[in-house]
Amino acid sequence: MGPATQQLRLFVPRLATECGLHVSVRTLRRLARALGYAWKRCRRSLKARRDEEAFSRMQARLRRLHRAEARGHVALVYVDECRFSRHAPVPYAWQRRGVPAVPLPAERGAGGQSVLGFWQPGAAGQPLTAYTLAGAWNAEAFAAAVDAFVTERVPGPTVLVLDNASLHRATRVQQRRAAWAEKGLSLCFLPAYSPELNKIELLWHRCKHYWLTPADYGCEQTLQQRVAYVLANVGSEYTVTFG
């Protein structure tokens with residue numbers, strides 16, 4: 001049996017033909033559990049499509065940058081966009097048996113907000129700078145946000161870690177890189193299909209699945225207020241611990 005077998009009934013005729021064994025699907029399920037198998041959800045992953053050598057080189061580079069950051073030589077800031085809307089994620093939660101599951105809104109379309117975050121998890125207090133738009137981020141807005149971040153938050157050498165989204169690679173952004181470099185800011189682009197290297201992805205996951213509650217999705221106003229509160233208190237009330 002393979003690592004992700006779905007239909008045990010397909011083994012019934014094979015066992016009869018090849019081994020002379022006549023067993024039921026129920027028996028096969030019992031045997032599968034005895035052998036350590038469980039019926040559980042599979043995972044989607046793009047890992048197979050990435051360049052493992054590039055991934056390993058970037059891991060090593062980030063480790064070096066974090067060591068330099070610990071010595072006070074550079075600030076390492078992870079950057080990404082995240083959408084918060086009333087089309088809520090469906091997290092697991094402890095709920096009473098026999099009671100209907102807590103309902104969450106599933107509203108698509110208008111509303112919500114897009115947050116662009118600049119997060120420094122390796123610094124004391126894990127400072128987060130967040131810029132919010134009602135609509136989607138584009139290259140012009142992204143470049144303007146980086147301009148603001150450089151002015152407000154870059155006192156010395158700083159590296160922004162980014163994925164390869166089109167707005168991060170756009171001409172408008174490339175045109176600003178020389179000016180940002182003069183102020184001590186450089187961009188570090190992650191290899192394709194490597195979201196786990198961008199630590200701010202973990203922050204967004206914590207926000208959506210742990211720090212926001214079902215009650216926060218009651219209406220657009222409560223959601224906006226709660227998102228603003230959580231983002232303002234990252235590093236104090238809300239922190240991420242790395243192993």
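When DSSP beta bridges are limited to those with both residues in the chain, what percentage is antiparallel, rounded to the nearest 5?
Details: 14 of 24 bridges.
Around 60 percent antiparallel, to the nearest 5.
At 1.4 Å probe size, with every protein chain present, just tell me what the per residue accessible area of region 154-221 comes to in Å².
Numbers: 3300 Å² over 68 residues.
Here the residues of region 154-221 average 48 Å² of exposed surface.
What is the extension gain from F242 to R71, computed as 0.36 nm multiplied by their sequence separation minus the C-alpha to C-alpha distance, in nm to one decimal? Write out the running numbers ahead of the final one.
Values: separation 171, 0.36 × 171 = 61.56 nm, distance 1.89 nm.
Between F242 and R71, full extension yields 59.7 nm more.
Just subtract the alpha-carbon distance of N164 and Y210 from 0.36 nm times their residue separation and send over the number in nm, one decimal. Don't jump to the answer; show the numbers that get you there.
Numbers: separation 46, 0.36 × 46 = 16.56 nm, distance 2.73 nm.
Net length gain for the segment: 13.8 nm.
Past the 22 angstrom mark, what percentage of all C-alpha to C-alpha distances in region 78-222 do you count? It would help to have the intermediate numbers written out before the result.
Details: 4897 of 10440 pairs.
Result for the distance tail: 47 percent.
Suppose we take every Cα in the chain and form the convex hull; what volume per residue is that in Å³? Write out the running numbers ahead of the final one.
Numbers: hull volume 48.5 nm³, N = 243.
It comes to 200 Å³ per residue, whole-number rounded.
Can you pull the one-decimal nm distance between simple spin-label points at E140 and N233, each 7 Å off the Cα toward Cβ?
So the label points at E140 and N233 sit 3.7 nm apart.
Please give the helix 139-153 orientation as an angle from the longest Cα principal axis of the chain, in degrees from 0 to 90, rounded to the nearest 10.
The angle comes out near 60 degrees.
Find the eigenvalues of the gyration tensor of the Cα atoms of region 106-191, then list the square roots of 5 times those eigenvalues as equivalent ellipsoid semi-axes, largest first, in whole angstrom.
23, 17, 12
For S85, S236, give me the order by solvent-accessible area with a 1.4 Å probe, most accessible first, ignoring ligands, DNA and RNA.
Numbers: S85 30, S236 85 Å².
Largest accessible area first, the list is S236, S85.
Per the helix-only calculation at 222 nm, which mean residue ellipticity applies to the chain, given -39500 (n - 2.57) for every DSSP H run of n ≥ 4 and division by its residues, nearest 500 deg cm²/dmol? Don't skip to the end; give the middle numbers.
Values: 8 runs with 84 residues, N = 243.
After summing the helix terms and dividing by residue count, I get -10500 deg cm²/dmol.
Rounded to the nearest 0.05, what FRET efficiency do T171 and L35 have when you use their Cβ-Cβ distance and R0 = 51 Å?
0.35
Each label point is 7 Å from the Cα along the Cα-to-Cβ direction; what then is the distance between the points at A48 and A60, in nm?
Distance between label points: 2.8 nm.
What is the calculated FRET efficiency for R14 to A101, with r their C-beta to C-beta distance and R₀ = 51 Å, to the nearest 0.05?
Values: r = 39 Å, r/R0 = 0.77.
Working from the Cβ atoms, E equals 0.85.
With a 1.4 Å probe and all protein chains left in place, how much of the accessible area of the chain comes from carbon and sulfur atoms, in whole percent? Please list the in-between numbers first.
On the way: 8270 of 15540 Å².
Carbon with sulfur: 53 percent of the solvent-accessible area.
The values are calculated or read from the model by the stated rules, or taken from the named source; none is laboratory data. This structure is a prediction, so every number in the text was calculated from the model and none was measured. Because the Cβ atoms are built from the backbone with ideal geometry, glycine has one as well, and the counts that use them run over all protein chains shown. All accessible areas refer to the heavy atoms of the entire protein, side chains included, with ligands and DNA or RNA removed. Shrake-Rupley method; radii C 1.70, N 1.55, O 1.52, S 1.80 Å.
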